[in-house]
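This report concerns only the one structure given below.
The values are calculated or read from the model by the stated rules, or taken from the named source; none is laboratory data. Note that the coordinates shown come from a computational prediction; the quantities given were computed from them, not determined experimentally. Virtual Cβ from ideal backbone geometry, glycine too; neighbours counted across all protein chains shown. Note: accessible area is taken over every heavy atom of the protein model, side chains too, but ligands, DNA and RNA are not part of it. Shrake-Rupley method; radii C 1.70, N 1.55, O 1.52, S 1.80 Å.
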Amino acid sequence: FMREGSSLRDFAEPPMTLVGTDDPRTAATLQELYGGVNGPFVHTSIATAEMTKYVANAFHALKVCFANEIGDACTALGADAQEVMDVFLRDHKLNVSEAYLRPGFAFGGSCLPKDVRALVWAARFHDVNTPLLSSILPSNESQIRSAIDSVLRTRKRRIGVVGLAFKPGTDDLRESPVVTLVEALIGKGCDVRVLDRNVRLARLMGANRRYIESEIPHIASLLCDDVESLVEHADALVIGGAGEDARLALDLVQA
């Protein structure tokens, strides 16, 4: 991770020294060799080290393109692009952080899909080309299709799903990717049961209730009250959200 123009400084004070080797003796030798470098020593497999290099540079390129597309959109919409990004960069809890940077499943909810659509539409309305921003929702949808295909490839008909809301700890079902997955599996003839203790139909209100009733009208018949009944039903298990029920379901399956 030594950049042109700052390689000496990067060598002396790197974010890390990354070594990919399958030989512990080689790793120990290199750790001793780099002992005077002010940064953590990270030993991984060769494949991990190689991929980390490509991932880092791909993310750097992604950030450049993202900032430029935001800049173009800001200019067209009458906002100060530098000020917008200055404010954006102040958030180290979500914006510039480890948040959301873990492989998993698609995003959903009442905010992210809506706001991405709104930004892309506004840019397009002002004849601003945003190929990166415009690819976000199609990319997200491809993750959902991939998950559906993965379940169908098991050739199991009785499916148990843990978690239905778009994220744990909420009953918000709007544009939840798990709702889309369940709907698709039912359409393919699967017998699906769902466990999500946060989702109580009697408490769902407004747009949230209208959404689930339009997507899965018979949702009440799919809901289980406990992990045991869900696992007893299922020949294949889908973990749609982390939590105690997910851990318990996995323990029961593996027992």
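Within the chain, what whole-number % of the accessible surface is contributed by carbon and sulfur, with the 1.4 Å probe and all protein chains included in the calculation?
55
Starting from the range 131-191, pick out the GluC sites (Glu not before Pro) whose DSSP state is loop and whose Cβ has at most 11 other Cβ atoms within 10 Å. Can you show the working numbers first?
Working: sites: Glu141, Glu175, Glu183; in loops: Glu175.
Answer by residue number: there is no such site.
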- [ ] Enumerate the calculated ³J(HN,Hα) couplings along the range 126-138 in order (Karplus 6.51 cos²θ - 1.76 cosθ + 1.60, θ = phi - 60°), each rounded to whole Hz, writing x wherever the residue is Gly or Pro.
- [x] 9, 6, 9, 7, 10, x, 5, 4, 5, 8, 5, 5, x
TODO: At 1.4 Å probe size, with no ligands or nucleic acids counted, give the accessible surface of Asp235 in Å², nearest ten.
DONE: 90
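What per residue convex hull volume, in Å³, comes out for the range 71-187 when only alpha-carbon positions are used? Could you put the intermediate results ahead of the total?
Details: hull volume 15.2 nm³, N = 117.
Taking the convex hull of the Cα positions in the range 71-187, it is 130 Å³ per residue.
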- [ ] Search the structure for amide H atoms under 5 Å from the amide H of Val161, placed 1.01 Å from N in the peptide plane, and list their residues when 5 or more places away or on another chain.
- [x] Arg193, Val194, Leu195, Val238
Open item on the list: Checking the a/c ratio against 1.5 first, then a/b against b/c, what shape does the Cα gyration tensor give for the chain?
Closed with: oblate
Task: Span from the the range 1-53 Cα centroid across to the the range 59-111 one, whole angstrom - done: 29
Task: Residue-wise HN-Hα coupling along the range 147-163, computed from phi with Karplus coefficients 6.51, -1.76, 1.60 (Hz; x: Gly, Pro) - done: 5, 4, 4, 5, 5, 5, 5, 5, 6, 8, 8, 8, 10, x, 10, 9, x
TODO: With a 1.4 Å probe and every protein chain left in place, tell me how much accessible area Arg203 has, in Å² to the nearest 10.
DONE: 150
- [ ] Give the long-range amide H neighbours of Leu18: residues separated by 5 or more places, or on another chain, with amide H under 5 Å away, using H modelled in the peptide plane at 1.01 Å from N.
- [x] Val42
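What ranking of Met2, Met205 comes out by heavy-atom accessible area, probe 1.4 Å, highest first? Before the final figure, lay out each step's value.
Values: Met2 120, Met205 145 Å².
My answer, sorted largest first, is Met205, Met2.
Would you work out if the range 1-153 is rounded, prolate or oblate? Take a ≥ b ≥ c from the square roots of the eigenvalues of the alpha-carbon gyration tensor; rounded if a/c is under 1.5, else prolate when a/b is larger than b/c, oblate otherwise. Walk me through the numbers before you get to the answer.
Details: a/c = 2.92, a/b = 1.56, b/c = 1.88.
Note, shape of the range 1-153 comes out oblate.
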Open item on the list: Per residue, how large is the accessible surface of the chain? Use a 1.4 angstrom probe and give square angstrom.
Closed with: 64
- [ ] Apply the Karplus parameterisation 6.51 cos²θ - 1.76 cosθ + 1.60, with θ equal to phi minus 60°, to every residue of the range 243-255 and state each ³J(HN,Hα) to the nearest whole Hz, in sequence, with x for glycine and proline.
- [x] x, 5, 5, 5, 5, 5, 4, 5, 4, 5, 5, 7, 5
Task: Restricting the range 1-83 to GluC sites (Glu not before Pro) in coil, as DSSP defines it, with at most 12 other Cβ within 10 Å - done: Glu4
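Largest first, how would Cys111, Cys224 line up by accessible area (1.4 Å probe)? Intermediate values should be presented prior to the final figure.
Working: Cys111 75, Cys224 25 Å².
So the residues, ranked largest to smallest area, are Cys111, Cys224.
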